[in-house]
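**Student:** Below is the structure I would like to discuss, written out as structure tokens.
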Amino acid sequence: MIAIGCDHAAVTLKETIKKHLISQGYEVEDHGCFTSESVDYSDYALKVAEAVASGKCDKGILICGTGIGMSIAANKVKGIRCAHCSDTFSAKATRQHNDANVLALGERVVGAGLALDIVDCFIKTPFSGEERHVRRINKISAIEEKYFK
Ligand code: RB5
């Protein structure tokens, strides 16, 4: 199950990505928003991040105007490794190296075609599982343990 969410700046791209994922057989849990009425991206980042952190969803996709606000907010949730990507190389690398579990995209930054390629790279690339990457991710978890309540 893939959790998806956006703010008012990214409803169109969210719908495009949702249709794309469903057409490939993925189950998608849509956390909104659904209209161009102004909302706060942080609310939707929290919904998607919690769906992933709880284990209900395997991965999350967050879209706002830039993708930046969403990524900052999602990374405040323990267990979330949200990668803000605007290219396919980064989307692939963040899965292989960081085992990122949430992708953040900017509708005002990337076109729909590139966004779908980024999503495909993110969803389909497995974590490498290599010891050095596991060690580094474990150190991120240690930072969470130190600073998160
Ligand atoms: C909304 O105008 C915009 O600030 C938001 O979509 C996002 O880009 C924030 O990071």
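All of the numbers you see were taken from the coordinates with simple rules; none came from a lab. In this text, all values refer to a predicted model and were calculated from it rather than measured experimentally. Here the Cβ is made from the backbone with ideal geometry for all residues, glycine too, and neighbour counts use every protein chain on show.
**Student:** I need the full set of residues from the stretch 57-67 which are away from the ligand (no atom under 14 Å from the Cβ) and surrounded by fewer than 18 Cβ atoms within 10 Å (Cβ to Cβ), in order please.
**Tutor:** Of all residues in the stretch 57-67, those away from the ligand (no atom under 14 Å from the Cβ) come to 57-61.
Result: Asp58, single match.
**Student:** Can I ask one more? Identify the residue in the stretch 22-44 that is small (Gly, Ala, Ser) and part of a loop (DSSP other than H, G, I, E, B) and, among all such residues, is nearest to the ligand (Cβ to nearest atom). Can you show your working first?
**Tutor:** Filtering the stretch 22-44 down to residues small (Gly, Ala, Ser) leaves 23, 25, 32, 36, 38, 42.
Among the residues that remain, those that are also part of a loop (DSSP other than H, G, I, E, B) are: 25, 32, 36, 38.
Working: Gly25: 29, Gly32: 14, Ser36: 11, Ser38: 8 Å.
Filtering first and then ranking leaves Ser38.
**Student:** Can I ask one more? Note down all Cβ pairs under 8 Å where the first residue falls in the stretch 63-79 and is over 18 Å from Lys149 (Cα atoms), the second is among the acidic types (Asp, Glu) and near the ligand (Cβ under 6 Å from one of its atoms), and they're at least six residues apart or on different chains.
**Tutor:** Matching pairs, first to second residue: Ile63/Asp7; Cys64/Asp7; Gly65/Asp7; Gly69/Asp7; Met70/Asp7.
**Student:** For Gly113, are the conditions met, namely being away from the ligand (no atom under 16 Å from the Cβ) and at positive phi? Let's see the steps before the verdict.
**Tutor:** Details: away from the ligand (no atom under 16 Å from the Cβ): yes; at positive phi: no.
No, not satisfied.
**Student:** Right, another one. Among the numbered criteria (1) more than 14 Å from the ligand (Cβ to nearest atom); (2) in contact (Cβ under 8 Å) with a residue 40 or more places away in the chain; (3) basic (Lys, Arg), which single criterion is violated by Lys19?
**Tutor:** It fails just one condition, (2).
**Student:** Mind checking which residues of the stretch 80-109 are among the small types (Gly, Ala, Ser), within 16 Å of the ligand (Cβ to nearest atom) and free of Cβ contacts under 8 Å to residues at least 40 places away in the same chain? Before you say what the answer is, go through the steps one by one.
**Tutor:** Of the stretch 80-109, the ones among the small types (Gly, Ala, Ser) are 83, 86, 90-91, 93, 100, 104, 106.
Filter once more, keeping what is within 16 Å of the ligand (Cβ to nearest atom): 83, 86, 104, 106.
Scanning the stretch 80-109 gives Ala83, Ser86.
**Student:** The conditions are (1) more than 24 Å from Ala142 (Cα to Cα); (2) surrounded by fewer than 18 Cβ atoms within 10 Å (Cβ to Cβ); (3) more than 16 Å from the ligand (Cβ to nearest atom); (4) not acidic (Asp, Glu), and Ser54 fails exactly one of them. Which is it?
**Tutor:** Result: Ser54 passes all but (1).
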